[in-house]
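Some notes on the structure that comes next.
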Amino acid sequence: MADRSFLSWPFFEDRHRDHAERLEAWCAQNLPVAHDDVDQACRQIVAALGRDGWLQPTAIDPAAPGPLDVRTLCLTRETLARHDGLADFAFAMQGLGTGAISLFGTPQQREWLEKTRRGAAISAFALSEPRSGSDVANMDMSATRDGDDYVLSGEKTWISNGGIADVYTVFARTGEAPGAKGISCFVVPADTPGLAIAERIEVVAPHPLARLSFNDVRVPASAMIGKPGDGFRIAMSVLDVFRSTVGAAALGFARRALDESLARAGGRELFGAPLFDLQMVQGHLADMALDIDAAALLVYRAAWTKDSGAPRVTREAAMAKLYATDRAQEVIDKAVQLHGGDGVRRGHIVESLYREIRALRIYEGASDVQKIIIARQIAT
Ligand SMILES: Cc1cc2nc3c(=O)[nH]c(=O)nc-3n(C[C@H](O)[C@H](O)[C@H](O)COP(=O)(O)OP(=O)(O)OC[C@H]3O[C@@H](n4cnc5c(N)ncnc54)[C@H](O)[C@@H]3O)c2cc1C
């Protein structure tokens, strides 16, 4: 059983503790699901999470809009990640894909949230392009005004849920100014003519991922979220909320790796005694526990700060994401080592954690980019 002592930290309220305990029980009953067909698995997970109410925190309630509860988002991701990486992914994307609508959408755009919160629609966040991943402000995709419409042309790549999403929030250049100030954000239903899946992308920890092509995709001007030129600011505001939750997912993976390692160290006999009795093994386990607690403090500090009303948590969220994902990689690597050959056996839980963690240090701002963000924040 994973360490639950952090739930008594003052960052949380009773409703968070209750949420975490109920979700834990749900996960034990419903996860993991078979991953043979990731598209099908994701649809199944979204439907189950939606049916039982777990997707409600991913977006604001359109009937009673209020702030997103980042602590609940983090606790949910941590818990799901500990049980099934694909379940964490499916939950996270419902939030990231609709974040711009939650934060800045019109009542008409927010009608999507009623569907995504009950698992009746799947959402995606389309920011990255072949030439502009880290260098977001350099994007090429254009959105040109034509009467009452905008016409979108170009490509997006690395889009999670690409291929299974019902709705995309898409960032494109409208050209009010060069660079970051000339980008706008649009709600684009997946069945809009001209929007196609150009390529399905396979990665080390499989999940639905695609390159999208936009060939004169026509949307009404009312599909724009915010004002012309607001797109970059909107994207950064969404990442400000969801970046800490990437750290929370890493924390879930790391906790699972420690749990598996403790069980292994207690159950495996070597040199006439449990593996745990070797002091160097104890040293590894202690390092893992320390990394996990330090990461948890940073993740829940960022979440609590945002929930306490801070307009931006750029520094806190960058620290949480950077530290939690980098340390989780170390923790999981130690778990693989402690498992010996089983650690690299295909299908073993620590082998899958080893694959799952890697992309978290790249997406939503690579670790190197987080360091630059932190340095700029502490210098101001
Ligand atoms: C599994 C997965 C899922 C993804 N899902 C989505 C999604 O749903 N929506 C979406 O829009 N995008 C998504 N992405 C894209 C992701 O955000 C980009 O891959 C990421 O921003 C890096 O961009 P890039 O791949 O073009 O690498 P590049 O921008 O070419 O960067 C390569 C490397 O250069 C280094 N680097 C970059 N900038 C700096 C810097 N300023 N200083 C120092 N070093 C630097 C980093 O080590 C970085 O990893 C996903 C990516 C992956 C792998």
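What to note about this one:
- Breaking point among (1) open to solvent by less than 10 Å² (accessible area, probe 1.4 Å); (2) modelled with pLDDT under 95, for Ala64: (1)
- Verdict on Asp135 being of a type in the set (Asp, Glu) and more than 8 Å from the ligand (Cβ to nearest atom): no
- Every condition in (1) within 16 Å of the ligand (Cβ to nearest atom); (2) open to solvent by 10 Å² or more (accessible area, probe 1.4 Å) holds for Ala310 except the one numbered (1).
- Failed item, numbered, when Val299 is tested on (1) buried (at least 23 other Cβ atoms within 10 Å of the Cβ); (2) among the hydrophobic types (A, V, I, L, M, F, W, C); (3) not in a helix (DSSP H, G or I): (3)
- Ser128 fulfils the conditions (1) within 10 Å of the ligand (Cβ to nearest atom); (2) within 18 Å of the chain's Cα centre (by Cα); (3) farther than 15 Å from Ala235 by Cα; (4) open to solvent by 20 Å² or more (accessible area, probe 1.4 Å) except for a single criterion, (3).
- Among the residues of segment 167-192, those identified as touching a strand residue (DSSP E or B) at 6+ places or on another chain (Cβ under 7 Å) and assigned to a loop (DSSP other than H, G, I, E, B) are Thr174, Ala190, Thr192.
- Matching residues, segment 364-380, being open to solvent by 30 Å² or more (accessible area, probe 1.4 Å) and more than 10 Å from the ligand (Cβ to nearest atom): Ala375, Arg376, Gln377, Ile378, Ala379, Thr380
- Evaluation of Gly231 against (1) touching a Phe, Trp or Tyr at 6+ places or on another chain (Cβ under 6 Å); (2) open to solvent by 20 Å² or more (accessible area, probe 1.4 Å) (one fails), failing number: (2)
- Pairing residues of segment 147-161 that are free of Cβ contacts under 8 Å to residues at least 60 places away in the same chain with residues that are of a type in the set (Val, Ile, Thr) and within 16 Å of the ligand (Cβ to nearest atom), at Cβ distances under 9 Å and at least 6 apart in sequence or on separate chains, gives Lys156/Val170; Thr157/Ile201; Ile159/Ile201.
Each row is one residue, and each column tells you yes or no for (1) acidic (Asp, Glu); (2) within 22 Å of Arg256 (Cβ to Cβ); (3) modelled with pLDDT under 95.
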| residue | (1), (2), (3) |
| --- | --- |
| Asp291 | yes, yes, no |
| Ala303 | no, yes, no |
| Lys306 | no, no, no |
| Ala320 | no, yes, no |
| Gln337 | no, yes, no |
| Arg345 | no, yes, no |
| Ile349 | no, yes, no |
| Ala359 | no, yes, no |
| Gln370 | no, no, no |
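- Test: residue in segment 209-217 that is under 19 Å from Asp140 (Cβ atoms), touching a Lys or Arg at 6+ places or on another chain (Cβ under 6 Å) and surrounded by fewer than 17 Cβ atoms within 10 Å (Cβ to Cβ): no
- Within the option set Ile164, Ile159, Ile201, being surrounded by fewer than 20 Cβ atoms within 10 Å (Cβ to Cβ), within 14 Å of the ligand (Cβ to nearest atom) and either of a type in the set (Gly, Ala, Ser) or within 22 Å of His35 (Cα to Cα) (or both) holds for one residue only, Ile201.
- Meets criteria (of a type in the set (Gly, Ala, Ser) and within 16 Å of the ligand (Cβ to nearest atom)) for Ala335: no
- Subset of segment 338-363 [open to solvent by less than 30 Å² (accessible area, probe 1.4 Å) and either near the ligand (Cβ under 8 Å from one of its atoms) or in contact with a Phe, Trp or Tyr (Cβ under 9 Å, 6 or more places away or on another chain) (or both)]: Gly343, Leu353, Ile357, Leu360
- Residues of segment 34-64 satisfying the condition of being under 16 Å from Gly99 (Cα atoms) and of a type in the set (D, E, K, R): Asp61
- Residues in segment 258-289 that are part of a loop (DSSP other than H, G, I, E, B) and of a type in the set (Gly, Ala, Ser): Gly272 alone.
The values are calculated or read from the model by the stated rules, or taken from the named source; none is laboratory data. All figures in this text were calculated on a predicted structure; none of them were measured in a lab. Every residue, glycine among them, receives a Cβ derived from its backbone with ideal geometry; neighbour counts consider all protein chains shown. Just the protein is used for accessible areas: all its heavy atoms, side chains included, with ligands, DNA and RNA removed. Shrake-Rupley method; radii C 1.70, N 1.55, O 1.52, S 1.80 Å.
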